[in-house]
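The values are calculated or read from the model by the stated rules, or taken from the named source; none is laboratory data. This is a predicted model, so every value here is computed, not measured. Using ideal geometry, Cβ is built from the backbone for each residue, glycine included, and neighbour counts are taken over all protein chains shown.
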Amino acid sequence: MRFEDLKLGELRDLSEAMATVAAASASGIFSALLEGPTSSEELAERQDLSPRATAILLPFLAELGLLEINGQAFQLTPRARRELADPSSPEYSAGGLPLWLHNLEAWTRLPEVLEAGGPVEAREPDSDSGSDSRREEIARFMAGMAAAPEERVQRLVEGILARKPDAETVLDLGGGPGHISRAFLERGLRATLMDKPEVVEFVDEEYGLAEEAGISTMGGDFLVDPVPGGPFDVVLLSNVIHMLSEDQAESLIQKVGEVTEKGSVIAVADFIRGRSPRAARFALVMLLRTPNGNTYTEEAHERWFRKAGFGDLEVLDLDPDRQLLTAVRGHG
Ligand SMILES: C[S@@+](CC[C@H](N)C(=O)[O-])C[C@H]1O[C@@H](n2cnc3c(N)ncnc32)[C@H](O)[C@@H]1O
């Protein structure tokens, strides 16, 4: 994104519109309208919202082209139905909006973060703000991760299996809700998912991983604890490296070397600096939300891979923003 492509006023308008759409989505307005045309008063009552606030919000959503007004009733436009309301639509992309809206709060703290050099509030799921809100934070974070488009997940799995067609086992480090482990399972692999203990407890229950015979879960801190013993054919770090400092990334990748053998594949899916148009912006999200996170170049990854015994690096664009880096143990 280049600032000069848009006027300042246009950027302001887009930001306000996006925040409104995310808030309407998080308040269940679009999904409630799936039931059919509804008046503002009915909708407010059904969603337990303020009638005044709802009456002010809906005409703006109509102005954005997301709702149509029919007499007293509001109804979804086809685009809003597909992208924001109907989870069974292939174009549905509202799953991550509550997390995006939550992150927006952190953006408003950027002036303080620029002085502090790190988050001024704890990043979920690291906060200590009581077990109920902690669970809510984990739920929002996991829903954001699980909202990844199926097409991207499939491209990731295919990209990895192209490098290791005979793979039988995968270690999904920082696997979160397990959507990628499940995609491997569908291809006949067995998966081991490691994440923080409280996250594993949550996803075992809420995402049914405990009952999934082909997926073993393990709670632990991969920066401190040993990673599950291998050898694994594939070790995946998807959206994990950007949460770490360079030193942490290097030592985690070193641990990956210890649970793999010749021919095993390491795979990193992330926003790669110098290739992803979103990498510099996403580094700011990590500055706001994590003590050490950042985004890194292909060259930095290659250096870490080589030290851990992985070579023959290949890069695949999963979409314009996200890349998949793969390297093979014992090569190059
Ligand atoms: C951004 S999410 C990525 C989830 C999933 N891999 C994906 O691509 O959607 C990062 C995950 O790493 C986990 N994580 C972060 N630091 C960790 C640590 N030190 N030990 C274990 N898991 C960690 C988080 O709990 C979270 O589930």
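Are any residues in the range 213-228 assigned to a loop (DSSP other than H, G, I, E, B), within 12 Å of the ligand (Cβ to nearest atom) and hydrophobic (A, V, I, L, M, F, W, C), and if so, which ones?
Phe222, Leu223, Val224, Val227 - these are the residues of the range 213-228 that are assigned to a loop (DSSP other than H, G, I, E, B), within 12 Å of the ligand (Cβ to nearest atom) and hydrophobic (A, V, I, L, M, F, W, C).
Show the residue pairs meeting these rules: Cβ distance below 9 Å; 6+ apart or different chains; first residue within the range 261-274 and polar (S, T, N, Q); second residue buried (at least 23 other Cβ atoms within 10 Å of the Cβ).
So the pair list comes out as Ser264/Phe232; Ser264/Val234; Ser264/Val235; Ser264/Val256; Ser264/Phe310.
Specify which of the listed residues (Asp270, Asp317) is at pLDDT 95 or above and surrounded by fewer than 19 Cβ atoms within 10 Å (Cβ to Cβ).
Asp317
Counting only residues that are of a type outside the set (Asp, Glu) and farther than 18 Å from Arg182 by Cβ, which one in the range 230-247 is farthest from the ligand (Cβ to nearest atom)?
Pro231
Got a sec? Which of Glu250, Glu258 is more than 14 Å from the ligand (Cβ to nearest atom) and at pLDDT below 95?
One residue alone meets the criteria, Glu258.
Tell me which of these Gly257 doesn't satisfy, since it passes every other one: (1) of a type outside the set (A, V, I, L, M); (2) within 19 Å of the chain's Cα centre (by Cα); (3) buried (at least 17 other Cβ atoms within 10 Å of the Cβ).
Condition not satisfied by Gly257: (2).
Among the residues of the range 162-190, which ones are farther than 17 Å from Ala146 by Cα and assigned to a strand (DSSP E or B)?
Matches in the range 162-190: Thr169, Val170, Leu171, Arg190.
Scan (1) touching a helix residue (DSSP H, G or I) at 6+ places or on another chain (Cβ under 6 Å); (2) surrounded by fewer than 18 Cβ atoms within 10 Å (Cβ to Cβ) for the single condition Ala73 breaks and write down its number.
The single condition Ala73 does not satisfy is (1).
Which residues, counting only those in the range 1-29, are in a loop (DSSP other than H, G, I, E, B) and under 26 Å from Tyr92 (Cα atoms)?
Result: Met1, Ser27, Gly28.
Kindly indicate whether Leu156 is within 16 Å of the ligand (Cβ to nearest atom), outside any loop (DSSP other than H, G, I, E, B) and modelled with pLDDT of 95 or more.
yes
Can you tell which of Ala308, Ala280 is over 17 Å from Glu158 (Cα atoms), surrounded by 15 or more Cβ atoms within 10 Å (Cβ to Cβ), in the same structural domain as Pro231 (by TED's automatic domain parsing) and among the small types (Gly, Ala, Ser)?
Going through Ala308, Ala280 in turn, the sole match is Ala308.
Find all pairs meeting these conditions: Cβ atoms under 7 angstrom apart; at least six residues apart or on different chains; first residue within the range 220-238 and more than 13 Å from Ile266 (Cα to Cα); second residue more than 9 Å from the ligand (Cβ to nearest atom) and of a type in the set (Lys, Arg).
Between residues of the range 220-238 that are more than 13 Å from Ile266 (Cα to Cα) and residues that are more than 9 Å from the ligand (Cβ to nearest atom) and of a type in the set (Lys, Arg), the close pairs are Val227/Lys255.
Considering only residues of the range 124-139 that are touching a Pro at 6+ places or on another chain (Cβ under 8 Å) and at pLDDT below 90, which is nearest to Leu84 (Cα to Cα)?
Restricting to residues being touching a Pro at 6+ places or on another chain (Cβ under 8 Å) and at pLDDT below 90, the top hit is Glu137.
Looking for whichever is over 16 Å from the mean Cα position of the chain (by Cα) and at pLDDT below 95 here; the options are Ala167, Ala191, Ala162, Ala213. Which one fits?
Every option except Ala213 fails the conditions.
Of the residues Ser238, Ser264, Ser245, Ser251, only one is under 24 Å from the mean Cα position of the chain (by Cα) and surrounded by 19 or more Cβ atoms within 10 Å (Cβ to Cβ); which?
Result of the check over Ser238, Ser264, Ser245, Ser251: Ser238.
Out of curiosity, is Ile253 among the aliphatic types (A, V, I, L, M), within 19 Å of Gly176 (Cα to Cα) and not assigned by TED's automatic domain parsing to the domain that holds Val120?
Considered against the rule, which asks whether it is among the aliphatic types (A, V, I, L, M), within 19 Å of Gly176 (Cα to Cα) and not assigned by TED's automatic domain parsing to the domain that holds Val120, Ile253 comes out as yes.
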